[in-house]
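Visitor: Can you keep this structure in mind? I'll have questions shortly.
Every read-out reported here was derived from the displayed coordinates using simple, explicitly stated rules and does not represent laboratory data. Worth saying up front: this structure is predicted, and the values here are computed from it rather than measured. Cβ placement follows ideal geometry from the backbone for every residue including glycine, while neighbour counts extend to all protein chains displayed.
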Amino acid sequence: MAMTILGTGSSFPENTVTNDDLSKIMDTSDEWIRERTGIERRHITSGEDHSDLVCKAAEHAVKQAGIQPEELDLIIVATLSGDYSVPSAACIVQDRIGAANAVCFDVNAACSGFIYALNIANGYFSAGMAETALIIGGEVLSRIMDWTDRSTSVLFGDGAGAAVIRKAENKLYETSQGSDGNRGNALIYKREQIRNPYIQVKEDEEENHLSMDGQMVYRFAVKVIPKCIEEVLEKAGLTVDDVDCFLLHQANRRIVESAAKRLHIPLDKIPMNLQEFGNTSAASIPILLDEVYQSKRLKKGDKIVLCGFGGGLTWGAILMEL
Ligand code: COA
């Protein structure tokens with residue numbers, strides 16, 4: 001089975017935080033952040049909720065797709081930082097945009113979430129369970145950051161991206177996915193401690209935040225991106241030259257450039273916007289997809305590769321024809 005993209009959208013908080021702004025609240029510098037990551041600024045909420053961002057991105061995508069919200073059979077939000085555990089962010093979107101006929105749920109595959117969600121939608125299409133879906137990646141990671149930890153808090157940003165997709169016959173679609181829970185400690189966020197009548201609650205327990213072994217994640221990323229991209233190309237019997245555009249998770253410029261070098265992909269086929277947004281986790285690929293769509297750089301029939309990696313550990317790539 002395969003799909004076509006009908007429309008895309010994105011949304012981010014108004015508040016922009018530059019590297020220099022961060023250097024006023026922690027011991028860091030524009031030079032350090034730029035050199036190690038390529039990030040120059042990011043959007044950090046000063047009021048918008050996760051729900052506001054995902055709903056706005058969804059509204060833009062549905063409008064651009066030119067469909068009625070009632071035509072949606074499926075809404076999936078990839079996220080690890082929603083406002084509520086229940087209802088899901090997807091149910092909130094359903095209510096806000098009036099998509100009364102959609103089945104709605106969230107998935108958490110960290111920064112690979114948008115890839116995982118597209119593959120789930122493709123499975124729904126194959127099983128005849130849906131025809132039209134809205135797939136969103138949205139995060140308010142600033143909510144779970146340790147703002148005293150300069151090694152993680154400078155890397156991430158808040159935002160949401162969305163795509164309306166529709167089942168399509170005879171279109172190219174290949175995917176490769178994987179997970180490795182054994183290396184889960186490399187990027188970890190533990191929820192609050194359990195509180196129930198049978199547990200002695202430790203009142204002095206510290207607040208939980210995201211923590212990361214940056215170097216381990218770096219080593220993982222530079223290996224896994226080329227591996228899963230090579231796998232989807234091999235499945236399709238194509239080479240890098242056959243692909244028009246590679247949309248890679250926007251974590252770090254050095255990671256993207258390393259993958260480009262290993263795969264011999266010219267950099268002009270790999271758009272980047274991490275300098276503007278930082279790492280927005282599950283939102284990074286759909287925000288980039290929207291940017292590329294709005295710039296009209298892609299046309300019908302073009303082949304694109306999407307590739308994500310992140311906490312879990314998780315990774316995945318999709319090769320699709322537009
Ligand atoms: N500003 C200034 N100095 C900083 C800093 C910051 N924001 N963060 C860390 N440092 C310091 C460290 O304390 C260390 O100082 P020391 O040598 O005095 O101990 C020094 O910079 C080097 O730290 P290190 O962690 O070795 O840097 P690095 O070269 O590995 O770069 C990352 C750190 C996080 C940029 C890099 O490991 C990385 O990009 N990893 C991948 C992370 C990622 O993409 N995660 C998301 C995946 S979805």
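Visitor: Of all the residues that make up the stretch 255-269, how many are surrounded by 15 or more Cβ atoms within 10 Å (Cβ to Cβ) and farther than 15 Å from residue 233 by Cβ? Even if it seems obvious, please write down each step before you answer.
Guide: So in the stretch 255-269, the residues surrounded by 15 or more Cβ atoms within 10 Å (Cβ to Cβ) come out as 255-260, 262-263, 265, 269.
Still in the running and farther than 15 Å from residue 233 by Cβ: 255-258.
So the answer is 4.
Visitor: If you don't mind, another one. Scan the stretch 244-259 residue by residue and report those that are closer than 19 Å to residue 220 by Cβ and within 16 Å of the ligand (Cβ to nearest atom).
Guide: To start, the set of residues in the stretch 244-259 that are closer than 19 Å to residue 220 by Cβ comprises 246, 248-259.
Within the stretch 244-259, 248, 249, 250, 251, 252, 253, 254, 255, 256, 257, 258, 259 qualify.
Visitor: Please find, within the stretch 16-70, the residue that is farthest from residue 253 (Cα to Cα) out of those that are part of a loop (DSSP other than H, G, I, E, B) and more than 16 Å from the ligand (Cβ to nearest atom).
Guide: We begin by selecting, within the stretch 16-70, every residue part of a loop (DSSP other than H, G, I, E, B); these are 24-29, 38-40, 44-49, 66-68.
Going one step further and asking which of them are more than 16 Å from the ligand (Cβ to nearest atom), we end up with 45-49, 66-68.
Details: 45: 23, 46: 26, 47: 29, 48: 28, 49: 28, 66: 35, 67: 36, 68: 38 Å.
Per the criteria, the residue is 68.
Visitor: Name every residue in the stretch 265-322 that is among the β-branched types (Val, Ile, Thr) and either in a helix (DSSP H, G or I) or in contact (Cβ under 8 Å) with a residue 60 or more places away in the chain (or both), in order of residue number. Step through it out loud before you land on a result.
Guide: Filtering the stretch 265-322 for residues among the β-branched types (Val, Ile, Thr) gives 265, 270, 280, 285, 287, 292, 304-305, 314, 318.
280, 285, 287, 292, 304, 305, 314, 318 - these are the residues of the stretch 265-322 that are among the β-branched types (Val, Ile, Thr) and either in a helix (DSSP H, G or I) or in contact (Cβ under 8 Å) with a residue 60 or more places away in the chain (or both).
Visitor: Might you check whether a residue that is in contact with a strand residue (DSSP E or B) (Cβ under 8 Å, 6 or more places away or on another chain), part of a helix (DSSP H, G or I) and within 16 Å of the ligand (Cβ to nearest atom) occurs anywhere in the stretch 191-210? Steps first, answer last, please.
Guide: Pass one, the stretch 191-210, residues in contact with a strand residue (DSSP E or B) (Cβ under 8 Å, 6 or more places away or on another chain): 210.
Checking which are part of a helix (DSSP H, G or I) leaves us with none.
No.
Visitor: Next question, about the same structure. Being crowded, with 23+ Cβ neighbours inside 10 Å and more than 16 Å from the ligand (Cβ to nearest atom) is the filter here, so list the residues in the stretch 141-175 that pass it.
Guide: 160, 162, 163, 164, 165 - these are the residues of the stretch 141-175 that are crowded, with 23+ Cβ neighbours inside 10 Å and more than 16 Å from the ligand (Cβ to nearest atom).
Visitor: If residue 119 passes every condition in (1) out of contact with any helix residue (DSSP H, G or I) (no Cβ under 9 Å at 6 or more places or on another chain); (2) closer than 21 Å to residue 221 by Cα; (3) buried (at least 24 other Cβ atoms within 10 Å of the Cβ) but one, which one does it miss?
Guide: Among (1) out of contact with any helix residue (DSSP H, G or I) (no Cβ under 9 Å at 6 or more places or on another chain); (2) closer than 21 Å to residue 221 by Cα; (3) buried (at least 24 other Cβ atoms within 10 Å of the Cβ), the lone unmet condition for residue 119 is (3).
Visitor: Got at least one residue in the stretch 212-225 being more than 10 Å from the ligand (Cβ to nearest atom), surrounded by 17 or more Cβ atoms within 10 Å (Cβ to Cβ), in a helix (DSSP H, G or I) and not charged (D, E, K, R)? It would help to see each step written out before you state the result.
Guide: First, pick out the residues of the stretch 212-225 that are more than 10 Å from the ligand (Cβ to nearest atom): 223-225.
Of the ones still in play, those that are also surrounded by 17 or more Cβ atoms within 10 Å (Cβ to Cβ) are 224-225.
Next, from what is left, pick out any that are in a helix (DSSP H, G or I): 224-225.
Restricting the remaining residues to those that are not charged (D, E, K, R) gives 224-225.
Yes.
Visitor: Still on this structure, I have one more. Quick check on this structure: which one of 288, 313 is within 12 Å of the ligand (Cβ to nearest atom) and either within 20 Å of the chain's Cα centre (by Cα) or crowded, with 16+ Cβ neighbours inside 10 Å (or both)? Spell out the reasoning first.
Guide: Working: 288 fails: within 12 Å of the ligand (Cβ to nearest atom).
Result: 313 is the single residue among 288, 313 that is within 12 Å of the ligand (Cβ to nearest atom) and either within 20 Å of the chain's Cα centre (by Cα) or crowded, with 16+ Cβ neighbours inside 10 Å (or both).
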